[in-house]
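J.: Submitted below is the structure of interest, expressed as structure tokens.
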Amino acid sequence: MKINKIDHICIAVRDLNEAMKLWEPLLGKEGPDMEYVDEREKIRVARYMIGEVGLELMESTRPDGEVAKFIKKRGEGIMLISFNVDNTREAIEDLKSKGYHFIPDSRGEYARPFKGCEFAFIHPRKLNNVLVELIDYKWDD
């Protein structure tokens, strides 16, 4: 497995609109480069590109979402770092053979679909309590 780059860093926030007001002046932006809602993951996201790395502010759309659970347990803050790989499924198999554990989704699958690609989460217990995502998206922006 080869990591191509840091794809994005996610910050869990209680209120996305308020967080955007705080971050945009610092980032020199007047709005996100991309906004989306991922119903499957129960998140609303504002993505800002800083060079080739995305900074994502994530708000839970439901009280039972992972972002809401993270905030309840740890408070707002950096939730995950995402690495871009060529093929998520191949990366999963390679890392599983090296003793890494992945977090399954509600279907019991490790690879999760997203905008024509797949991503997976390495369990944070293996990596100093840092949630790591692998994603094989080919960003055009």
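The values are calculated or read from the model by the stated rules, or taken from the named source; none is laboratory data. As the structure is a computational prediction, the values presented were derived from the model and not from experiment. Cβ atoms come from the backbone with ideal geometry, glycine included; neighbour counts cover every protein chain shown.
J.: Which of the residues belonging to region 1-37 are at pLDDT 95 or above, in a loop (DSSP other than H, G, I, E, B) and of a type outside the set (Asp, Glu)?
T.: Once the filter is applied, which keeps residues that are at pLDDT 95 or above, in a loop (DSSP other than H, G, I, E, B) and of a type outside the set (Asp, Glu), region 1-37 yields 14, 28, 29, 31, 32.
J.: Just to be sure I understand the filter: pairs with C-beta atoms under 6 Å, separated by 6 or more residues or on different chains, first member in region 1-30 and surrounded by 12 or more Cβ atoms within 10 Å (Cβ to Cβ), second member of a type in the set (Ser, Thr, Tyr). Which pairs pass?
T.: Hits for this filter: 7/82; 8/82; 27/48; 29/48.
J.: Just checking, how many residues over region 37-52 are surrounded by fewer than 16 Cβ atoms within 10 Å (Cβ to Cβ), under 16 Å from the mean Cα position of the chain (by Cα) and free of Cβ contacts under 8 Å to residues at least 60 places away in the same chain?
T.: Total satisfying the criteria: 4.
J.: Would you be able to tell me the number of residues in region 17-36 that are of a type outside the set (D, E, K, R) and within 15 Å of the chain's Cα centre (by Cα)? Let's see the steps before the verdict.
T.: From region 17-36, those of a type outside the set (D, E, K, R) are 17, 19-20, 22-23, 25-28, 31-32, 34, 36; that's our starting set.
Then drop every residue that is not within 15 Å of the chain's Cα centre (by Cα), which leaves 34, 36.
Qualifying residue count, region 17-36: 2.
J.: Further question: Go through 127, 95 for me and flag whichever is out of contact with any helix residue (DSSP H, G or I) (no Cβ under 6 Å at 6 or more places or on another chain), exposed (fewer than 15 other Cβ atoms within 10 Å of the Cβ) and among the aliphatic types (A, V, I, L, M).
T.: Values: 95 fails: exposed (fewer than 15 other Cβ atoms within 10 Å of the Cβ).
Exactly one of 127, 95 is out of contact with any helix residue (DSSP H, G or I) (no Cβ under 6 Å at 6 or more places or on another chain), exposed (fewer than 15 other Cβ atoms within 10 Å of the Cβ) and among the aliphatic types (A, V, I, L, M), namely 127.
J.: When the residues of region 55-89 are narrowed to those that are surrounded by 14 or more Cβ atoms within 10 Å (Cβ to Cβ) and of a type in the set (Asp, Glu), which ends up farthest from the chain's Cα centre (by Cα)?
T.: Checking each candidate, the answer is 76.
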